[in-house]
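Reviewing the structure listed below.
The values are calculated or read from the model by the stated rules, or taken from the named source; none is laboratory data. Since we're looking at a predicted model, the values are computed, not measured. Please note: Cβ atoms are built from the backbone with ideal geometry, for glycine as well, and neighbour counts cover all protein chains shown.
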Amino acid sequence: MSKVIVIGGGAAGCMAAIAAAEAGHQVRLLEKNEKLGKKIYITGKGRCNLTNDCDIDTLLANVVQNRKFLYSAFYAYDNRQVMDFFVQHGTKVKTERGNRVFPVSDHASDVIRALREALLAAGVQIVLHTRVKKLLVEDGAVCGICLSDGTKLDGDAVIVATGGLSYPSTGSTGDGYRFASETGHRVTDCSPSLVPFETQEPYVKQMQGLALKNVQATIRNGKKILFQDFGELLFTHFGVSGPLMLSASSIVNKEIGKAPLSLTIDLKPALTEEQLERRILRDFEEGANRQFANCLKKLFPSGMIPVMVELCGISGERKVNTVTREERHRLLALTKAFPVTLTGLRDYAEAIITKGGVDVRQIDPSTMESKLVKGLYFAGEVLDVDALTGGFNLQIAWSTGHLAGSVIS
């Protein structure tokens, strides 16, 4: 039996502690907050999208950074096992659009309750309100930790599952990066990810609160396409958000800091230009004597019409039968490529995850153990791995945490 110390009571830390205890070890789970899983409480808008009900290939395809590193972790503890775990611990789950998995109750608190019950059943000692100051290493092996009050705790193995920098109010303040650096590990450049964009145009703010469904977004740096996908987009008082834009932030993260990027939104991606032109002509013919702005109600949400009128350069009060072919084509072009300039990302306070972290080249992917310090493991967001929205990042946490906890000898 080994003495195992797990630092961090989030998804990865809880799962690591459970796995280590079930493997027969004496486990202490240290959490600096007043309760476990503070970040879990706010994921999925408080509902907790705990994984994705897809095959392994799709899980891996949705990993953006260091996909191959996660092969062993995903195959050792996959999404089916995660769903089974929560069902076995009294939290029934359901699958929604995009194969996103949620508790049937729609309460993230049920996920925390299941984890806490599993921790207690496995005999894990949960210690709250406890900050770790540093890791203790002797002769190339971890031997324990030192708390912020100077107390030293012995340990044969230490699992660092402290999260990243996103949502710092939940306790994600980069402690794990410091522990890694102090023990000789490289930490890659970190930045907010799965985060909204800030934009340049004043008319974006005019549409704040407006959600567009089933649109296609294309982001370019000059002529180079960096991102293109379909989904839901939301206009805000500072820029653009919504699932489509959050995913885009993960892909264009490194490019956005170098120069503004162009976003074009195809508002009618199901229609070709020819089909859209026929649709516009039909609407105009049906309302030949109506004002131009009133004839757009079938094409666009009401909150978008004043902006479309402004950008078209056609007076909203003009009779639609006076609109020229050239003006109609301007409307068509605007509909297929609504322009927005992306100037930057919002900060960590609004980021779902952190891009960057402990360099995985210094971590054994089959165990999550450091290649530099024996008995030291890293799991979850503290690692330089990240994925798109849809439950994939929590799956990374469950899988890497479980692997780290289960392999300790």
Of all residues in region 290-308, count the ones that are over 20 Å from A211 (Cβ atoms) and either of a type in the set (S, T, N, Q) or touching a Leu at 6+ places or on another chain (Cβ under 8 Å) (or both).
-> 2
Confirm whether V101 is touching a residue at least 60 places away in the same chain (Cβ under 8 Å), assigned to a strand (DSSP E or B) and under 20 Å from the mean Cα position of the chain (by Cα).
-> yes
Of all the strands (runs of 3 or more DSSP E) wholly in region 1-86, which have at least 3 residues that are under 16 Å from G123 (Cβ atoms)?
-> 3-7, 26-30
Residues in region 366-388: is at least one out of contact with any Asp or Glu (no Cβ under 6 Å at 6 or more places or on another chain), modelled with pLDDT of 95 or more, more than 30 Å from G184 (Cβ to Cβ) and aromatic (F, W, Y)?
-> no
Only residues that are among the acidic types (D, E) and not in a helix (DSSP H, G or I): list them for region 152-183, please.
-> D154, D156
Quick one: count up the residues across region 322-356 that are of a type in the set (S, T, Y), touching a residue at least 24 places away in the same chain (Cβ under 8 Å) and more than 21 Å from I40 (Cβ to Cβ).
-> 3
Report whether or not F179 is of a type in the set (F, W, Y) and not assigned by TED's automatic domain parsing to the domain that holds G9.
-> no
Of the residues that sit in region 351-365 and are in a loop (DSSP other than H, G, I, E, B), modelled with pLDDT of 95 or more and farther than 20 Å from A20 by Cβ, which one is farthest from the chain's Cα centre (by Cα)?
-> D359
For region 333-346, state whether one or more residues are of a type in the set (S, T, N, Q) and either part of a loop (DSSP other than H, G, I, E, B) or farther than 24 Å from F230 by Cα (or both).
-> no
Subset of region 141-199 that is out of contact with any Ser or Thr (no Cβ under 6 Å at 6 or more places or on another chain) and of a type in the set (D, E, K, R) - its residue that is farthest from K3 (Cα to Cα) | D189
Looking at region 304-313, is at least one residue more than 30 Å from D386 (Cβ to Cβ), assigned to a loop (DSSP other than H, G, I, E, B) and at pLDDT 90 or above?
-> yes
Out of T341, T354, T335, report the one residue that is crowded, with 18+ Cβ neighbours inside 10 Å and closer than 30 Å to D266 by Cβ.
-> T335
For residues in region 94-130 being exposed (fewer than 15 other Cβ atoms within 10 Å of the Cβ) and basic (K, R), which is farthest from T151 (Cα to Cα)?
-> R97
Does region 208-224 contain any residue that is touching a residue at least 60 places away in the same chain (Cβ under 8 Å) and part of a helix (DSSP H, G or I)?
-> no
Only one of D84, D78, D55 is under 28 Å from S249 (Cβ atoms), surrounded by fewer than 16 Cβ atoms within 10 Å (Cβ to Cβ) and of a type in the set (D, E), namely D55
Looking only at region 362-385, which residues are touching a residue at least 12 places away in the same chain (Cβ under 8 Å) and either among the basic types (K, R) or outside the structural domain of L136 (by TED's automatic domain parsing) (or both)?
-> K374
